[in-house]
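See below for the structure under consideration.
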Amino acid sequence: MSPSPNPFEPPPAPRPESIDPANGNFAPCPRCGQPIAQRVGFTLWGGVLGPKLFTHVKCQTCGNKYNGKTGQSNASVIAVYTVGSIVVGAFVAIVAMRMLTI
Ligand SMILES: [Zn+2]
């Protein structure tokens, strides 16, 4: 097997290794394909912690918000996170009420 460079090879797509959210290199936008995104600092569903946990970024081209690590929508994660925090919140509230009534 001798290495033969193929001039008709398509330009290399961004590899997963080049996606480094710590250095501001995010996965391309799932809607428009542009890799220019900015971290979202605060969201209604996750406060400050949620977007940090799920690498929630906003596309600078079309404004779409997605997961900068996987390049996919965070919608399912947001749903789970929201339901999870409601369950935890309700649990904490119930425990607090019981402690108050005893
Ligand atoms: Zn976009």
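Values in this text are rule-based calculations from the coordinates and carry no lab data. As the structure is a prediction and not an experimental result, all values here were calculated from the model. Note that each Cβ is placed from the backbone with ideal geometry, even for glycine, and that neighbours are counted across all protein chains shown.
Using helices alone, what [θ] at 222 nm do you get for the chain, with -39,500 (n - 2.57) per DSSP H run of 4 or more residues, divided over all residues and rounded to the nearest 500?
Numbers: 2 runs with 32 residues, N = 102.
Computed mean residue ellipticity for the chain: -10500 deg cm²/dmol.
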_Most mobile listed residue (Gly41, Gly63, Gly89) in the chain, GNM with C-alpha springs under 10 Å_ = Gly89
_Angle check, please: helix 75-101 long axis (alpha carbons) against the longest principal axis of the chain (alpha carbons), in degrees 0 to 90, nearest 10._
20
*Long-range HN-HN contacts of Thr55 with modeled amide H, under 5 Å*: none
*Which chymotrypsin sites (Phe, Trp or Tyr not before Pro) in the range 33-102 pass both tests, a DSSP loop state and at most 15 other beta-carbon atoms within 10 Å?*
Phe42, Trp45
*Report, largest value first, the span of the C-alpha coordinates of the range 19-101 along each principal axis, in whole Å.*
55, 22, 17
*Please turn the phi angles of the range 24-40 into ³J(HN,Hα) values with the Karplus equation 6.51 cos²θ - 1.76 cosθ + 1.60 (θ = phi - 60°), one per residue in order, whole Hz, x for glycine and proline.*
x, 9, 9, 5, x, 4, x, 8, 10, x, 7, x, 8, 9, 10, 4, 8
